[in-house]
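Below is one structure, written out as C-alpha cells; comments come after it.
The values are calculated or read from the model by the stated rules, or taken from the named source; none is laboratory data. None of the values given here were measured: they were computed from a predicted structure. Heads up, the Cβs are rebuilt from the backbone with ideal geometry, glycines too, and the neighbour counts pull from every protein chain shown. Accessible surface areas use protein heavy atoms only, side chains included; no ligands, DNA or RNA. Shrake-Rupley method; radii C 1.70, N 1.55, O 1.52, S 1.80 Å.
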Amino acid sequence: MTALLPRRGLAQILALIVILAVDRVVSPQFFDLRLQDGRLFGSLIDVLNRGTPVALLSLGMVLVIATRGIDLSVGAVMAIAGAIAASLADTHSLAVVLAAALGAGLICGLWNGFLVAVLGMQPIVATLILMVAGRGIAQLITEGRIVTFSSPDLVWLGNGSVLGLPVPVVITLGMLILTGAVVRGSALGLLIEATGGNARASELAGVGTRAMILSVYVWCGVCAALAGVIAAADIMGADANNAGLWLELDAILAVVIGGTSLFGGRFSLVLAVLGALIIQTMNTGILLSGYPPEFNLLVKAVVVLTVLLLQSPKLTGFAGISARLRRTKA
Amino acid sequence: AELTIGFSQIGSESGWRAAETSVSKQEAAKRKVNLKIADAQQKQENQIKAIRSFIAQNVDAIFLAPVVSTGWDSVLKEAKEAKIPVVLLDRDIDPSGKELYLTAVTSDSVHEGEVAGDWLAKTVGAKACNIVELQGTVGASVATNRKKGFDTAIAKHANLKVVRSQTGDFTRAKGKEVMESFIKAEGGGKNICAVYAHNDDMMVGAIQAMKEAGLKPGKDILTVSIDAVPDIFKAMVAGEANATVELTPNMAGPALDAVAAFKGKGTVPPKWIQTESKLYTAADDPQKIYDSKKGLGY
Amino acid sequence: MRGLPPALITAIVLVAGFAACAVQFPNIASTRVVGNLLTDNAFLGIVAAGMTFVIISGGIDLSVGSVIGFTTVFVALAIERWGMPPLVAFVAVLALSAAFGAAMGAVIHVFDLPPFIVTLAGMFLARGASFLLSTESIPITAPIYSTVSDFALRLPGGGRLTAIAIIMLAIVIGGALLLHLTRFGANVYALGGSRTTASLMGVAVGKMTVKIYMLSSLLAGIAGIVFSFYTSAGYSLSAVGVELETIAAVVIGGTLLTGGQGSVIGTFLGVLIQGLIQTYINFDGTLSSWWTKIATGILLFAFIALQQGLVALARRPLAKSAGAAT
Amino acid sequence: MQNSPDPALPLLEVRGISKSFGAVRALQEVDFTLRAGEIHALLGENGAGKSTLIKVVTGVFPRDAGIVRIGGEEVAPRSAKAALAAGIATVYQEVNLLPNLSVAQNLFLDRQPMRFGIVREGEMRRRAKALLAEFGLDIDVAAPLGNYSVAVQHVTAIARAVDLSARVLILDEPTASLDRHEVEILFGIMRQLAKRGIGIVFVSHFLDQVYEISDRITVLRNGRLVGERETASLPRLELIRLMLGRELAETTSARASAGEHKVREICASFENYGKAGYVAPFNLELRHGEVVGLAGLLGSGRTETARLVFGAERADGGKARVEGVPVRLQSPRDGVRHGFGYCPEERKTDGIVAELTVRENIVLALQAKRGLHRPLSRREQDEIARRYVKMLDIRPPDAERPVGLLSGGNQQKVLLARWLATSPRLLVLDEPTRGIDVGAHAEIIRLIRELCDDGLSLLVISSELDEIVTYSDRVVVLRDRAHVEELAGDAVDVGNILAAIAADSVAVALEAHT
Ligand SMILES: Nc1ncnc2c1ncn2[C@@H]1O[C@H](COP(=O)(O)OP(=O)(O)OP(=O)(O)O)[C@@H](O)[C@H]1O
Ligand SMILES: Nc1ncnc2c1ncn2[C@@H]1O[C@H](COP(=O)(O)OP(=O)(O)OP(=O)(O)O)[C@@H](O)[C@H]1O
Ligand SMILES: [Mg+2]
Ligand SMILES: [Mg+2]
C-alpha cells in the first residue's frame, strides 16, 4: 500500500493549500458551504464536482504513464462513451447504458493497447490515431448534434447526491479506492512499476510486460468512458464535439503534478487525483476571480510553473524538507 | 450541366453548425447541385487547403464559411484567377477582400448582440439590473462581435450593467461550470438579474446550473441568448428561458440562388445578402418552432 | 532498421500513398497539387524541423503552436498599429521567440523539470500573451506581404512554388545539414541517447538544452511569420493544435519519441504524408465532419502500420542473410 | 616509476574528501595521491566508495568537504567537462557511451575534427579506425555503438579516454568485461602512457591484474582510507586483509570433487537447438547438481546460448525437454514457469530496475512466477529481502534503497538474489562474478557449489577460465557462434579450454601458411 499513501505528497498538498488560500483572497465566499435540497452547495463542492472528469482520467492515465506510455485519446473516448450513453439513455435501463458505454471504453483501450503492446507503435502516435478518429466516431453516433436525454437514472449520475456529496464525486472516490485495491492489493502495482522502470529487465524476470501494457490502456479506456458518461449526465446531453476536448492534456498535467515521471516507473494514484484537484482549484479560482477571460491562460501558465517549481528537487528548501522527512521514516 | 460547388465548411463545433451543413445539403439537393463539402475541423489552414483543392478540381463555384475574417486574400485571388466565383456564408471577411468574392450571405453578429441587448433593456425597464455574460471562445470573431453589439445596446441604459463576464467556450459543459461560479460569486445568484450568453448551448448549461442552485431561470433570472437552436425553445416551453435571437442555418439557399443566377444569366448579386436576426420569446409559440426545427440536424 | 534508414521507409510510404491517391483522383498527380502541398504545409514543415531537434534530444515542445499564434499577432500589430517596418518587426519577434525558447530550455535544465510540462506551460503562456495583445484578427496590408505572397516560381503543368514553400525547403535543408554535419547536431543525438552519459562525456548539457529549445522556438517564430504571409493576417487563435500535428509528422518521419534517432528529411516526408492525407480528404469532398476525422485516423493508422511493416521487413532479410552465412 | 618526470610533485592530490548520500556516508575524509607516471590501483570491497571517490574528484558529484589539487593547483571541477578541461580523463564504471551514436562519434564526441564548422566525417572515421586498431579492434566505426557487445563498448570507452591525452587517466573497472587478450593490450597501452608521465588510477577486483600492472595501491573500506602501499611491498594476503578488514578463508583453489562419476538425473536437455543467424544448432544436457561452464572468446555465442536456453530468444529448430518432458520455450515467462532463472550480463539495461528498491528487485521474478493474484504480502517480501541481503552480504543492508543507488557489485548480488528467491531448478548465470570483490567472489563461488549440492543445475558463463575450471563439472567451448567442444571430468582445465578456443585460429594460421 506504499504508493497509495501520499508519502511524498508534501509538495502537492502545500501547492493545494496555497492555491486554496489564493482562491479565498480572490473570492471571500470560497469556503462557504450550505445544505440545499439535501446536497452541499458551495465553491469547494464545485471544485470536487468539476474536478471529477480529470480526476477519473488521471486514474487511468497515471497507470499508462507508469508503464512509460501516454494516452492522448482519453478525451475522444469520453466523447464516444457520452454519445453512446446519451443515445441509449431514454430507451434502455441504466445498467445497459453503463455496460454499453464502459464496454466501448474498454474496446478503445484494447485498441490502444494492441497498437502499443503488440504492434509496438510509439504510444503518443498510437493514441493520436484514436484521438483523431474517436471524436469522429462520437460525432457519427450523434450525427453532429447534441443528443439530449431525460432518463432520471442517468441524470442522477451527473446531478444527484449521496450523503450531501455530488454523485460524480462519490463515483470518483469509489474508483480511486477500487483502482487502489486492484493495483496495490494484487501484484499489479509492482509489476507495472517494474515494466515502466525497465521493460527489458522485467521481461527477462518473467513479467508479462505486454499484458501489463495492454491492461493499463484498457483500464485507462474504462476510466475515460466513465468520465464521459458523467460529463454527459452532467449536462443531460452528449456534446460529441466538445466533450473532453483537450482534457487529455489536463489529465497528463494532473499525473505529472502528482509526481509521476513521464519516463515511467513509480506512480501514485492518490497524488494523481490530488493533481487533478489542484488544477480544478485553480480553474475555479480563475472563474471566481472576475478577471477577463483573456487572462485565463496566463494565470494557468504561472500556476503550473509555480507548482512544478515547488516540486523541483533542485529547489533547496524543499529538498531539505523532503529529505528530512524521508530520513525520519527510514 | 449540373453545377458542382465546393463548400469549405468550418467544422461541426456546435449543433448550429451541424444544422447549417445539413440544411446546405438539403438546399443543394433541392436544386440538383452537386455540393462537395470539405470540413476544416476549425482550422484556417485546412480551409485554405480545401479551397486550393477545389480550384485544382475546377469546381463551378466555391462557398466559404470563413473561420476567421482575415487571411483569405491570396487564396481568393487564386480562385479569381481561375475564374471561380466565391460566396461567403455565415461570416464576413475583412473589407480589403471585397472584390474577391461574389457575395456574402451572412447575418450581422454585432446586430445580433444589439437585438439581444435591446430586448433586455426593454424587458427590464428602469429597474437596476446586474447582468452576467457567458462569452464565446476567446478570440472568436462571433464572440467579439456579439459582445460588442450587446455592450452598445446596453450602454444607453445606465441601469444595466455587466458585472461578470467569462468565457464558456460556446459549450454546454463550460456554460454550466461558469454559471455555477457566477452564482457563487454573486451571493448565491441573488445579485444577478439577467444572463446573456453568446450562444444557446451555453445558456442551456447555465439554466441547469441555476436550477441546481435552487434558482428559477426565466423568472428569478432573465435569460437571453443567440442562435435559436431547438433546445432553447424547449426551455422556453418550460418557462426557463426568455429570449433568443435567431441565426438561420439556411445560408446556402440564398447563396445557391445567387450562384445559379450568376452562372445562368450573368446577374451580379448584391455584395451582401443579410439574413434576418429575428428575436423569439415565449410569446412566439416555442413548441411549434421547436417541432419545426427539430428535424434540421441541430 | 539497420538495412533501410527510417527516412527511406517513410519516403517509400509517401510515394506508395501518393500513387494510390493519384489512381483514385488523377488530378492529384499534378505539379499544381504538389506545389500546393508544399505551400500549404510550409509552416508545418518549418516547426516540424525544429521539433525534430527537440525530439531527437529526448525532449518535446508543446508550445510551438502558441508561438506561431503569438508571432502572427505580434507581427500584425507591430506592422499595422505600431508602425514598425516589417523587417524590424520580424527581427523583433524572432528575438522574442528565441528568448522564450531559451527560457523554457533553461527552466527544464536548471530545475530538472519534464519538458512536456514546462512547454505545456509555455503553450498556455504564449497563447495567453497573444490574447492580451489582441483577440481580434488583424489584417496585414504592408506591401511586402502582397509581394511575397504573389511571388512564385511557375512549375511546368501550372503548379506554383511559392516563396514560403521555398523558405520551408531551405530551412529543411539547412536543418538537415545542421543536424548531420555539425558538432551541434552530434550533441543533439548524444543528449537523446542519455543526458547523464552525454554529460559524463563532456557535453555541456545545459547549454545544449537551452540552444535546442531556442532553435525550436525560433523556427516556430519563423513558421509564424510564414503563417502570417500565408494568411496576410495576425490572429490569436491561429495554429491551435499544431503541436500535435507536428509531433505526429516528426514521428511518422521515423524519429523516436524517446530520443536519439531521427532525421529532418524524414520529418519533412512525414509532413508531406499528413498533407497528402488532407488533400485526399479534400478531393473526396463527400465526407462529413465526422467521417473526415475517422478517415484521417484510418489513414494515419494505415501509414504508420505500413511503415512499421516495412521496418520489420527491412530487419528480416538481414537476419536471414546472416543465417545463411553460418 | 623511474620514468616519471618529477616524482616529488604529486600530479593529483586529494585531501580530506567527504561525501554523504542522505544518511549514507560514502566517503569520510579520504586522502589520495597520484604521482606522474605511476599506475595506482584503487581497491576495496563492493560499496567501499571507489566509484564515488572518482565521481567526486571529477565533479560529477558535488563534494561535502575536501580539496583536489592537480599539479599543485587547487581545482574544483563542477562537471565532467570541467574535469576534462583540468586534465582528468575518466572511464566510469558502467559503460558510459551512447549506444545510438556511431562508434566514431562516440570516440570524438564534442571534439570532432572540423572544417568550416562542419564535422569531417571521413577524417573522423579514419582516426577512429586507427585509434581502435591500437586496441586490436577492427570494426565498422560508422555503425551504431549499440550494435556491439559490452566488451567492444568498453574498449571504445577506454580508447576515448586514452585519446583525450589528459594528464590523469582514471579507469573504473575497465577490465571487468574484457578477456585476457584484450586485457594484455590494455595493459600495454597503460604502460606506454605511464612512461609518457601520465598518472593512471586503476580500479579492479582482479588482484592478479593489480599485481601485474600497478605501482602503488590505495585501499578503501566503508568509505575510509585504510592504507596506501607500494605494490611490491604488499603481500597478497595482507592486501585482502586490508580490504575486508578480516581474513579470507581461502578455499577457491582446488576443483571440487565433482568427478565422482555419480550418474545424475537430467534436468533439462536441448537437442539440435538453435536459431539461424544467432547460434548454430547444439546439443546440451544439464543435470541436477552439476555445473556446466560456457567458455569462449567475446562474441563467440555464449550469451546467445544462454538466452536460447532460458527462453529469452525463440529457437527456430530443435527440441527442449525439462525433466524428460518436451516443452516450448517461447518467452522468459516460459523459462520462469519451468523453473529456470537467468542473470543477464548487462545488469544495467537487462537486469536491475534502478528506480525500485532492493526488496522489490529481489521479489520481482518470484512475484512474476506466482502471478498477479497471489501477491507476496509485505511481510513475506521483507522476510525474503532480509534473508538474501544477509546471505549475500548486500551493502548497505537497507532493503528499501533504490537499487540504482547501490554500487555495481552489490547490484549484481541483488540480481542473484532475485533468482535464488524463485528456488529455480536451472540457473543460467552470465558473468556472475563480474565486478564483484574478492570476498564476495569467494562467497558466490561457494554459493554456486552449495546450490549444486542441493540439486540445482547451473549453466555459467565466465571469461575467467580459472574460475570456470574451479566449479564446472563440464565445460562447453564455443567459437563463432557454434558449440565446438565439450570437456568433462579431468579434461576440464585451462589448457584444454584454451586449446579448443584457439584451434580455429591455429587452423587458419596453418592455412595461411600453405
Ligand atoms: N547516487 C547515489 N546515491 C546514494 N547512494 C549512493 C549513490 N552512489 C553510491 N552510493 C552509495 O555509496 C556507497 C559507495 O558506492 P560506490 O559505487 O562508490 O562503491 P564502489 O567502491 O565503486 O563499489 P563496486 O566495487 O561495487 O563498484 C555505496 O554504499 C552506495 O550504495
Ligand atoms: N570483437 C568483436 N568485434 C566485433 N563484434 C563483436 C566483437 N565481440 C562481440 N561482438 C558482437 O557483439 C555482439 C554480442 O556478443 P555476444 O554477447 O554474443 O558475446 P558473448 O559470446 O556472449 O561474449 P561475452 O558474454 O563475453 O560478451 C554480437 O553481435 C557480436 O557480433
Ligand atoms: Mg564502483
Ligand atoms: Mg555475452
Do we find a residue being without any contact (Cβ under 8 Å) to a residue 60 or more places away in the chain and not aromatic (Phe, Trp, Tyr) anywhere in the range C:207-221?
-> yes
Out of all the residues in the range D:281-293, is one or more surrounded by fewer than 24 Cβ atoms within 10 Å (Cβ to Cβ), facing chain A (nearest Cβ under 9 Å) and either away from ligand 1 (no atom under 16 Å from the Cβ) or free of Cβ contacts under 8 Å to residues at least 12 places away in the same chain (or both)?
-> no
Could you give me the residue pairs with C-beta distances under 8 Å whose first residue belongs to the range A:108-126 and is without any contact (Cβ under 8 Å) to a residue 12 or more places away in the chain, whose second residue is of a type outside the set (A, V, I, L, M, F, W, C) and not in a loop (DSSP other than H, G, I, E, B) wherever it lies, and which are 6+ apart or on separate chains?
-> A:Leu119/C:Gln308; A:Gly120/C:Gln308; A:Met121/C:Gln308
Where in the range D:56-169 are there strands (runs of 3 or more DSSP E), lying fully within it, with 2 or more residues that are within 16 Å of ligand 3 (Cβ to nearest atom) and touching a Phe, Trp or Tyr at 6+ places or on another chain (Cβ under 6 Å)?
-> none
Condition broken by A:Leu57, with the remaining ones in (1) under 18 Å from the mean Cα position of the chain (by Cα); (2) surrounded by fewer than 24 Cβ atoms within 10 Å (Cβ to Cβ) satisfied = (2)
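Here are B:Ala19, B:Ala104: which of them is buried (at least 20 other Cβ atoms within 10 Å of the Cβ) and in a helix (DSSP H, G or I)?
B:Ala19
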Is there any pair linking a residue in the range D:396-412 that is at negative phi and of a type in the set (Ser, Thr, Tyr) to one that is within 8 Å of ligand 1 (Cβ to nearest atom) and in a loop (DSSP other than H, G, I, E, B), with Cβ under 7 Å and at least six apart or on different chains, and which?
-> D:Ser407/D:Asn46; D:Ser407/D:Gly47
Among the numbered criteria (1) of a type outside the set (Asp, Glu); (2) within 16 Å of ligand 3 (Cβ to nearest atom); (3) facing chain A (nearest Cβ under 9 Å); (4) in a helix (DSSP H, G or I), which single criterion is violated by D:Ala365?
-> (2)
Given B:Leu88, B:Leu76, B:Leu64, which one is open to solvent by less than 10 Å² (accessible area, probe 1.4 Å), more than 14 Å from chain C (Cβ to nearest Cβ) and not small (Gly, Ala, Ser)?
-> B:Leu88
If A:Leu173 passes every condition in (1) crowded, with 24+ Cβ neighbours inside 10 Å; (2) under 14 Å from the mean Cα position of the chain (by Cα) but one, which one does it miss?
-> (1)
Determine, yes or no, whether D:Val183 is in a helix (DSSP H, G or I) and more than 16 Å from ligand 4 (Cβ to nearest atom).
-> yes
Which numbered condition B:Gly125 fails, given (1) modelled with pLDDT under 95; (2) closer than 29 Å to B:Val67 by Cβ = (2)
Just one listed residue, out of D:Leu11, D:Leu34, D:Leu43, is more than 14 Å from chain C (Cβ to nearest Cβ), more than 16 Å from ligand 2 (Cβ to nearest atom), buried (at least 22 other Cβ atoms within 10 Å of the Cβ) and within 30 Å of D:Pro402 (Cβ to Cβ), and it is D:Leu43
Here is a list of conditions, (1) open to solvent by 10 Å² or more (accessible area, probe 1.4 Å); (2) within 11 Å of chain A (Cβ to nearest Cβ); (3) assigned to a helix (DSSP H, G or I), and B:Asn145 meets all of them except one; can you say which number that is?
-> (2)
Give the residue that is least open to solvent (accessible area, probe 1.4 Å), with candidates limited to residues of the range C:113-137 that are more than 7 Å from every other protein chain (Cβ to nearest Cβ) and closer than 18 Å to B:Val67 by Cβ.
-> C:Ser130
Mind checking which residues of the range C:36-57 are over 21 Å from C:Val210 (Cβ atoms) and either within 12 Å of chain B (Cβ to nearest Cβ) or outside any helix (DSSP H, G or I) (or both)?
-> C:Asn36, C:Leu37, C:Leu38, C:Thr39, C:Asp40, C:Asn41, C:Ala42, C:Phe43, C:Leu44
Any idea which of D:Ala166, D:Ala151, D:Ala128 is under 23 Å from the mean Cα position of the chain (by Cα), more than 9 Å from chain C (Cβ to nearest Cβ) and crowded, with 17+ Cβ neighbours inside 10 Å?
-> D:Ala151
Options A:Ala201, A:Ala181; residue that is part of a helix (DSSP H, G or I), within 9 Å of chain D (Cβ to nearest Cβ) and without any contact (Cβ under 8 Å) to a residue 12 or more places away in the chain = A:Ala201
Is one or more of the residues making up the range C:44-64 farther than 23 Å from C:Gly185 by Cα and among the aliphatic types (A, V, I, L, M)?
-> no
Take the residues in the range B:212-264 that are more than 14 Å from chain A (Cβ to nearest Cβ) and among the β-branched types (Val, Ile, Thr), then tell me which one is most open to solvent (accessible area, probe 1.4 Å).
-> B:Thr248
Looking only at the range B:249-271, decide whether some residue is of a type in the set (Ser, Thr, Tyr) and closer than 30 Å to B:Val178 by Cβ.
-> no
Considering only the range D:166-201, how many residues are more than 29 Å from D:Gly495 (Cα to Cα) and in contact (Cβ under 8 Å) with a residue 12 or more places away in the chain?
-> 16
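For every residue, the table says whether it meets (1) touching a Cys at 6+ places or on another chain (Cβ under 8 Å); (2) open to solvent by 10 Å² or more (accessible area, probe 1.4 Å); (3) free of Cβ contacts under 8 Å to residues at least 60 places away in the same chain; (4) farther than 23 Å from A:Leu128 by Cα.
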position	(1), (2), (3), (4)
A:Ala240	no, no, no, no
A:Leu245	no, yes, no, no
A:Ala251	no, no, no, no
A:Gly259	no, yes, no, yes
A:Phe263	no, yes, no, no
A:Thr281	no, no, no, yes
Which pairs have Cβ atoms under 6 Å, sit 6 or more apart or on different chains, and link a residue in the range C:36-50 that is in contact (Cβ under 8 Å) with a residue 24 or more places away in the chain and under 20 Å from C:Val64 (Cβ atoms) to one that is of a type in the set (Phe, Trp, Tyr) and open to solvent by less than 10 Å² (accessible area, probe 1.4 Å)?
-> C:Phe43/C:Phe227
Can you give me the number of residues within the range A:12-29 that are within 24 Å of the chain's Cα centre (by Cα) and under 15 Å from B:Ile183 (Cα atoms)?
-> 0
Among (1) at the interface with chain A (Cβ under 7 Å from one of its Cβ atoms); (2) under 20 Å from D:Ala482 (Cβ atoms); (3) part of a helix (DSSP H, G or I), D:Glu360 falls short only on (2)
Selected residue (criterion: nearest to the other protein chains (Cβ to nearest Cβ)) from residues of the range D:46-100 that are hydroxyl-bearing (Ser, Thr, Tyr) and within 14 Å of ligand 1 (Cβ to nearest atom) = D:Tyr92
